[in-house]
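Participant: Below you will find the structure I want to go over with you.
The values are calculated or read from the model by the stated rules, or taken from the named source; none is laboratory data. Predicted, not measured: the structure shown is a model, and the values here were computed from it. We place every Cβ from the backbone using ideal geometry, glycine too, and count neighbours over all the protein chains shown. For the accessible areas, the whole protein counts, side chains as well, though only heavy atoms, and no ligand, DNA or RNA atoms are used. Shrake-Rupley method; radii C 1.70, N 1.55, O 1.52, S 1.80 Å.
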Amino acid sequence: MTHPQFLANLGALWLEEGEPSQALIWLERSLLLDPGHLGAQADHALALAALGQPAARDALAEAWRARRDVPEALRARLLPAPISASAPLPAVRLGAAVQDGWVAYRELSTLAGYESNLNQSPKLYEITLTPPTGPEPIDLESPLLPRRGAAVTTDLSWQLARSPEAGRIVRLGVNLGGRFAPGEAATNWRHIQLAGSVSQQWAPWRAQLDAGAGWVGGALNEPYRLVRLAASLERTALGCGFRASIDAESRTQSNTRVLDGRAAALSISSTCTLWGQRHWNWGLALRGAVDEPVNPNRAGGRQDLASLGVRLQGALPGQARLDTSLRYSQTRDREGYSPLLADNARRHLKQSQFNLELSKPTQLSVLFDAEAVVQLSLTHQSSNLPLFRYHAGSLYTGLRWAW
């Protein structure tokens, strides 16, 4: 929702499918983020003309009459008169195209901020054990306490996409990221993710297959590997986009193999335009999953997971954008977690997470047209076992570049 090139391509696909009203939604959002996007300008004018409003197309045709860089197919649809061969050639932003029809998109963000709980730790000075002889409160020699402090995060992604035929899109991508906390170096973490997908469009229906692998490591957390496969089906109806997906995930620890797990999930989500606000949309997502241990000795055994999320995003004055979400999730173990904790009670977790992002183009050449970003995150996790309760908050600000 923040990438004008992607939104422009999506609007163009809807226009090709003969759905100009749907195309307008995405093309207007693309132009809001990048008013100078020439492809979105042309498709926006053609969509309006298809809806009986040819004024924008005629105005654009007149403005582009002297251009020599308009593709032949677009010239036939947009420009009634031939382009003068002696007209000067203006500078045109064509986008990031690579060989053999591939399109590339890159994004780099660097943010600095403060976190109240870098290690997602509870606040415990004592713990009550429950051996057969009865409960025993024990003072901890080294209390479990949140580590707080300043930190810097960096995220770099590179994505490639290609449409080998109408309605089909192939995507490949890599993402690198990490966090560095100068005062709490033990909480630093890093990750790398590789992903690919193939999607196919049939009129209002769209199917997609995804595959990905990720590696996560850090001083406090044992490195582990994630492998994920997913299949989804989407369609647009009643002015909303609906999506259903199934996915399977495998998690492998580097050393503590008893913690390895295999998960399967079903997700249903929708995204709709906010009533009366064309530049705002809201979304709802439901997800249910089961995590099976590879080793039957894993504490808690099989886990049942469920989550509900809502999201609101849209345009603010001055080309700024707001993206905010609220997510509630529950995790329940099928077996007792430990005989020494609450008499082998089955662990359950409840987590609430609120995220907010404000972004605005700087339009400063000295910053290479970076986007200014502010991110706020608040997390609260409760549990019947005090060892798994924690609160965390973070506030970051910095710059994001896309090219």
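Participant: Show E371, E165 ordered by accessible area, largest first, where the area counts protein heavy atoms only and the probe is 1.4 Å.
Facilitator: E165, E371
Participant: Students often get this wrong, so try it: which of (1) 1.18; (2) 1.60; (3) 0.98 is Cα Rg over 2.2 N^0.38 Å as calculated from the structure shown?
Facilitator: It is the value labelled (1).
Participant: Separate question: Around N119, which amide H atoms from residues at least 5 apart in sequence, or from another chain, sit under 5 Å from its own amide H, with H modelled in the peptide plane?
Facilitator: Amide H neighbours of N119, under 5 Å, 5+ apart: R147.
Participant: Could you run the Karplus curve 6.51 cos²θ - 1.76 cosθ + 1.60 with θ = phi - 60° over region 370-376 and give me ³J(HN,Hα) per residue in whole Hz, x for Gly and Pro?
Facilitator: 5, 9, 7, 9, 10, 10, 10
Participant: Shifting gears a bit: What is the angle, in °, between the Cα long axis of helix 4-16 and the longest principal axis of the Cα atoms in the chain? Nearest 10 is fine, range 0 to 90.
Facilitator: Helix 4-16 sits at roughly 60 degrees to that axis.
Participant: Ok, one more. Just the accessible area per residue of the chain, please: how many Å² with a 1.4 Å probe? Mind dumping the intermediate values first?
Facilitator: Numbers: 22470 Å² over 403 residues.
I get 56 Å² per residue for the chain.
Participant: Please build a GNM for the chain, connecting alpha carbons under 10 Å apart, and tell me which residue among D210, D333, D58 fluctuates the most.
Facilitator: Ranking D210, D333, D58 by mean-square fluctuation puts D58 first.
Participant: If you count only protein heavy atoms and use a 1.4 Å probe, how large is the accessible surface of F180, to the nearest 10 Å²?
Facilitator: Roll a 1.4 Å probe over it and F180 shows about 110 Å².
Participant: For D58, put the label point 7 Å out on the Cα→Cβ axis and report which residues of region 9-52 keep their amide N under 14 Å from it.
Facilitator: What the label zone holds, given the 14 Å backbone N cut-off, is 49-50, 52.
Participant: So how tilted is helix 20-33 from the main axis of the chain? Cα-based, degrees 0 to 90, rounded to 10.
Facilitator: 80
Participant: Right, next: Counting only the heavy atoms of the protein chains, how much of W189 is accessible to a 1.4 Å probe, in Å² to the nearest 10?
Facilitator: So the heavy atoms of W189 present about 90 Å² to solvent.
Participant: Could you check how much of the accessible area of region 237-352 is carbon and sulfur, as a whole percent, using a 1.4 Å probe? Write down the numbers at each step before the final one.
Facilitator: Details: 3750 of 6430 Å².
Carbon with sulfur: 58 percent of the solvent-accessible area.
Participant: With θ set to phi - 60°, apply the Karplus curve 6.51 cos²θ - 1.76 cosθ + 1.60 along region 391-403 and write out the HN-Hα couplings as whole Hz, x wherever there is a Gly or Pro.
Facilitator: Ordered by residue, 3J(HN,Hα) equals 10, 8, x, 8, 9, 10, 8, x, 10, 9, 10, 9, 8 Hz.
Participant: Name the shape class, rounded, prolate or oblate, that the alpha-carbon gyration tensor gives for region 91-219, where a ≥ b ≥ c are the square roots of its eigenvalues, rounded holds for a/c under 1.5, and otherwise prolate holds if a/b is larger than b/c and oblate otherwise. Display every interim value, and only then the final one.
Facilitator: Details: a/c = 4.34, a/b = 2.16, b/c = 2.01.
Because a/c hits 1.5 or more and a/b exceeds b/c, region 91-219 counts as prolate.
Participant: According to the square roots a ≥ b ≥ c of the eigenvalues of the Cα gyration tensor, what is the shape class of region 193-301, taking rounded for a/c under 1.5, prolate for a/b larger than b/c otherwise, and oblate for the remainder? Display every interim value, and only then the final one.
Facilitator: On the way: a/c = 2.41, a/b = 2.25, b/c = 1.07.
Prolate.
Participant: Can you tell me which of G300, G167, G276 moves the most in a GNM of the chain? Springs connect C-alpha atoms under 10 Å apart.
Facilitator: Maximum among the listed residues: G276.
Participant: Calculate one ³J(HN,Hα) per residue across region 305-310 by plugging θ = phi - 60° into the Karplus curve 6.51 cos²θ - 1.76 cosθ + 1.60, and present them in order as whole Hz with x for glycine and proline.
Facilitator: 10, 8, 8, 9, x, 10
Participant: A further question on this structure: So, in Å, what gap is there between the alpha-carbon centers of region 15-41 and region 151-218?
Facilitator: Cα centroid of region 15-41 versus Cα centroid of region 151-218: 25 Å apart.
Participant: Can you send over the solvent-accessible area of R332, 1.4 Å probe, protein chains only, in Å² to the nearest 10?
Facilitator: Counting only protein heavy atoms, R332 exposes about 110 Å² to solvent.
Participant: In what sequence, largest accessible area first, do Y396, Y328, Y337 appear using a 1.4 Å probe?
Facilitator: Y328, Y337, Y396
Participant: Placing unit charges on C-beta atoms (Lys and Arg positive, Asp and Glu negative, everything else neutral), compute the dipole magnitude of the chain about its Cα centre in debye, rounded to 20.
Facilitator: On the way: 40 positive and 36 negative charges, 51 e Å.
Dipole magnitude for the chain comes out near 240 debye.
Participant: Right, something else. GNM, the chain, Cα, under 10 Å: largest mean-square fluctuation among A63, A195, A370?
Facilitator: Top of the fluctuation ranking is A63.
Participant: Still on this structure, I have one more. What 222 nm value per residue comes from the helices of the chain, counting each DSSP H run with n ≥ 4 as -39,500 (n - 2.57) and dividing by all residues, nearest 500 deg cm²/dmol?
Facilitator: Theoretical 222 nm ellipticity from helices: -4000 deg cm²/dmol.
Participant: Place a +1 charge on the Cβ of each Lys and Arg in region 129-282 and a -1 charge on the Cβ of each Asp and Glu, then give the dipole magnitude about the Cα centre in debye, rounded to the nearest 20. Present the calculation step by step, with values, prior to reporting the outcome.
Facilitator: Working: 16 positive and 12 negative charges, 150 e Å.
The calculation lands at about 720 debye.
Participant: Quick one: compute the contact order of the chain, relative version, from alpha carbon pairs under 8 angstrom and 6+ residues apart, as a percent. Can you show the working numbers first?
Facilitator: Values: 973 pairs, mean separation 43.1, N = 403.
Taking the mean separation of contacting Cα pairs over the length of the chain, I get 11 percent.
Participant: Moving on. Any idea which of V174, L229, S250 is furthest toward the positive side of the dipole for region 173-295, if Lys and Arg beta-carbons carry +1 and Asp and Glu beta-carbons -1?
Facilitator: V174
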